[in-house]
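Notes follow once the structure below has been shown.
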Amino acid sequence: MLNLAVVGKDVSQSQSPKMHSFILKNLGESCRYETVSICPDEFSARAEYLFAQYDAFNVTIPFKTDIIPFLSALEGDALSFGAVNTVLTKEKIGFNTDGYGFLLLLENAGVEITSKSVLLLGAGGVGRSCIKKMTEAGADVYVYERNEMRLNDVYREIGGFTPLNEVPLRPYDVIINATGIGMHDTVGMTPEICCNGERKPVGAELISLCGTAVELIYVPETTEFLRIAKECNVKTVGGAAMLFYQAYRADCIYLGKEPCAQEAKKMWEQYSKENA
Ligand code: NAP
């Protein structure tokens, strides 16, 4: 039996225990999966305990970079993103499975990005991972970020995309909301963009011109961004499957197993049906 946990500032309501237990059971492994909420000031003092207590653990906000000094090595995307969400404790290796989850979200929803134009709103933590994965996949990526300094930093760091201080009102194959606007205390809102010299919440004017609208928020299931897209008959993709796929990838790492897109898709369909 694997001894696992998710570690974050407040993970008391996290879906991780349920999701990982489901995936691991389907992969033929049993686990005990706990939630560990840690006050940011106490993270350093408690980090060693995590390595002693668990076979592996997941890391979430705000500790994805704080965990790095406690690790011996970073693998793949963890190294290039500079952020870790999955840790093997014995080996002290950190991984990042967000990019895998994002690409599988698109692939399993039938959203093609190679040589397609993609407008991404928000170049924060997850936005940066998405930009990197999409440029590597050969997408024509446009990024709008209201924080100009951040946009310039991300451009210097990753490059390969068109940075936008203002969003031209024109068609894009895919539009992605990576701002987090539409959840928690912003339910019913859409992110603000600068368009035609005016700052305003993104709405039907732009969304209706796009082929597919992808939302990275996973709760609520239908954000205002997706509601508008549906109203405009634009194909919509919600963020819940991405959460599931990044968890699936983490569990494959725990088991030393190669991930399989079809297997993950089948599991997600079953999981979402059982938890509808
Ligand atoms: P983050 O680091 O805070 O980045 C959010 C970005 O959006 C920032 O650049 C922020 O700029 C910008 N932004 C905030 N409010 C805005 C507004 N009103 N208009 C335009 N831009 C705005 O957050 P994150 O960690 O990247 O997470 C973003 C979202 O992705 C969250 O909803 C999170 O739940 C979701 N997520 C989903 C998954 C999944 O598996 N589905 C995985 C990871 C994250 P400022 O700094 O100026 O505010």
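The values are calculated or read from the model by the stated rules, or taken from the named source; none is laboratory data. These numbers were taken from a predicted model, which means no experiment stands behind them. Please note: Cβ atoms are built from the backbone with ideal geometry, for glycine as well, and neighbour counts cover all protein chains shown.
A few comments on the model shown:
- Checklist (1) crowded, with 17+ Cβ neighbours inside 10 Å; (2) part of a loop (DSSP other than H, G, I, E, B) applied to Leu209, failing item: (1)
Quick grid of which residues meet (1) within 25 Å of Glu107 (Cβ to Cβ); (2) within 12 Å of the ligand (Cβ to nearest atom):
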residue: Leu151; (1), (2): no, yes
residue: Arg199; (1), (2): no, yes
residue: Ile217; (1), (2): yes, yes
residue: Thr223; (1), (2): yes, yes
residue: Cys232; (1), (2): yes, no
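- Looking across the range 151-175 at every residue that is aromatic (Phe, Trp, Tyr) and assigned to a loop (DSSP other than H, G, I, E, B), the one that is nearest to Arg199 (Cα to Cα) is identified as Tyr172.
- Positions within the range 72-97 being in contact with a Gly (Cβ under 9 Å, 6 or more places away or on another chain) and on the phi > 0 side of the Ramachandran plot, in sequence order: Gly76
- Some residue of the range 81-88 being more than 12 Å from the ligand (Cβ to nearest atom), touching a helix residue (DSSP H, G or I) at 6+ places or on another chain (Cβ under 6 Å) and under 17 Å from Val126 (Cα atoms): yes
- Pairs with Cβ under 7 Å, 6+ apart, first in the range 236-257 and under 8 Å from Gly101 (Cα atoms) and basic (Lys, Arg), second at pLDDT 95 or above and within 14 Å of the ligand (Cβ to nearest atom): Arg249/Thr97; Arg249/Tyr100; Arg249/Gly101
- Pairs meeting the criteria (first residue in the range 185-207 and under 11 Å from Leu169 (Cβ atoms), second residue hydrophobic (A, V, I, L, M, F, W, C) and loosely packed, with under 13 Cβ neighbours inside 10 Å, beta carbons under 8 Å, at least 6 apart or on different chains) are Cys195/Leu169; Asn196/Leu169; Glu205/Leu169; Leu206/Leu169.
- Wholly within the range 213-276, helices (runs of 4 or more DSSP H) carrying at least 3 residues that are under 14 Å from Gln15 (Cα atoms): 240-255, 261-274
- Only one of the listed residues (Ala178, Ala123, Ala109, Ala139) is away from the ligand (no atom under 14 Å from the Cβ) and among the small types (Gly, Ala, Ser). That residue is Ala139.
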